[in-house]
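One structure below.
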Amino acid sequence: MIKPLTSLRFFFAFFVFLSHLSYLKEDERYKTMFNDIFSEGFLGVSFFFILSGFILALNYRDKFKNKTITLKKFYIARFARIYPLYLVTILISIPMLYSSFKILLYNIFLIQSYIPDQKYFFSFNAPSWSISDEIFFYALFPILIGISFKFSRIFKILLLIIFVSLLIVLNNFLPEEKSHYWLYISPFTRIFDFILGILLFDVALYLKNKKISLQKSIRTFFEIGALSTLVLFFIFHNNFPISYRFSIYYWPPMCLIILTAANSFISEKNITWITTFFSWKWLVYLGEISFGFYLIHYLVITYTLKYNDIKGIHLTGIPLALIMFSITLIASIFAYEIIEKPFNKKIKNLFS
């Protein structure tokens, strides 16, 4: 485990949480804040998809290369990691967000993101469309990682150029009403983020094998620079069409952040104060519960808005958001300790 990368997962899950506080648009005090800042929190999904490719390559590249893991074991591990809590959140969403049994089945079988219709991909627990994408990525990962260690760096660079070119073409020729699905939701295009993460791990592995060890001050400079790049991209995001922000716009800062956060993997020398901060055990724990936070937050927001007036209590604005955040955080801790960890172990033991 690379601790800074684990910690960062929570921060980007929090960005997604902010993007779903759409009730703030109805309050003039917070309308501008939501439209200009919070609504852009969907960028967290790009981070998760790229990070997913990077982490799976880190954990499984050598195992597949050396044939020390079977496809069965890999797929069971992935299923055990995400499905128990995913299923629980889908079931919890039914009383409030039920639409039809057919759509429920699409969600249970994790294929809702394959349908270019919002009533499917945003059904029940809406953020779970990204888990549908992840399952698609996992299914193809053994093939993709096999390609990654069989082909040259030149071929991989060419492949990346092709991906970027294709997404630029789609950005320019897709009708506006279709760009949201095909550039943000569809697993067939979002897999480019995942592949980018695999290619990014190749860069980290190359630097590690070259035994490149930078001075602490230079490493600090790069780490601050990576975070600053994301801030700059965020500040100027309104200058770019949202279709680009759905796809490739945030790729550069995300790659820089992941690569610099993986400094401890590249070299254990000259660890910076930033790496030390993001390796703090409580931040790492927040990163570990971030999957639950991501899956639970939308349900908390939905149910809280529905029952906000119970017993005469009516919160609004940021105070309500703080209550939602606190409930989500507590629920995520319980979900991690009671559902994620125990069922992960049970499923692996059952099928081992």
>> Can you list residue pairs whose Cβ atoms sit under 6 Å apart, with the first residue in the range 146-157 being of a type in the set (G, A, S) and the second being assigned to a helix (DSSP H, G or I)? Count only pairs 6 or more apart in sequence or on different chains.
In response: S148/I198
> Which numbered condition trips up I50, out of (1) in contact with a helix residue (DSSP H, G or I) (Cβ under 6 Å, 6 or more places away or on another chain); (2) among the β-branched types (V, I, T); (3) closer than 28 Å to P342 by Cβ; (4) surrounded by 19 or more Cβ atoms within 10 Å (Cβ to Cβ)?
Replying inline: (3)
>> I need every pair where a residue in the range 239-257 that is among the charged types (D, E, K, R) has its Cβ under 8 Å from the Cβ of a residue that is crowded, with 21+ Cβ neighbours inside 10 Å and assigned to a helix (DSSP H, G or I), sequence separation at least 6 or different chains.
In response: R245/L43
> Within the range 241-255, restricting attention to residues that are assigned to a helix (DSSP H, G or I) and within 16 Å of the chain's Cα centre (by Cα), which residue is surrounded by the fewest Cβ atoms within 10 Å (Cβ to Cβ)?
Replying inline: P252
> Going by the structure shown, is F325 of a type in the set (F, W, Y), crowded, with 17+ Cβ neighbours inside 10 Å, out of contact with any Ser or Thr (no Cβ under 8 Å at 6 or more places or on another chain) and within 30 Å of A77 (Cβ to Cβ)?
Replying inline: no
> Does the range 52-68 contain at least one residue that is hydroxyl-bearing (S, T, Y), touching a residue at least 12 places away in the same chain (Cβ under 8 Å) and out of contact with any Phe, Trp or Tyr (no Cβ under 7 Å at 6 or more places or on another chain)?
Replying inline: no
>> Could you check the range 144-188 and list, in sequence order, the residues that are outside any helix (DSSP H, G or I) and buried (at least 19 other Cβ atoms within 10 Å of the Cβ)?
In response: S186
> How many residues are crowded, with 20+ Cβ neighbours inside 10 Å and either in a helix (DSSP H, G or I) or on the phi > 0 side of the Ramachandran plot (or both) if we restrict to the range 1-13?
Replying inline: 9
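Throughout, read-outs are computed from the coordinates displayed, never taken from laboratory work. The structure presented is a predicted model; accordingly, all values stated were derived computationally and were not measured. Virtual Cβ from ideal backbone geometry, glycine too; neighbours counted across all protein chains shown.
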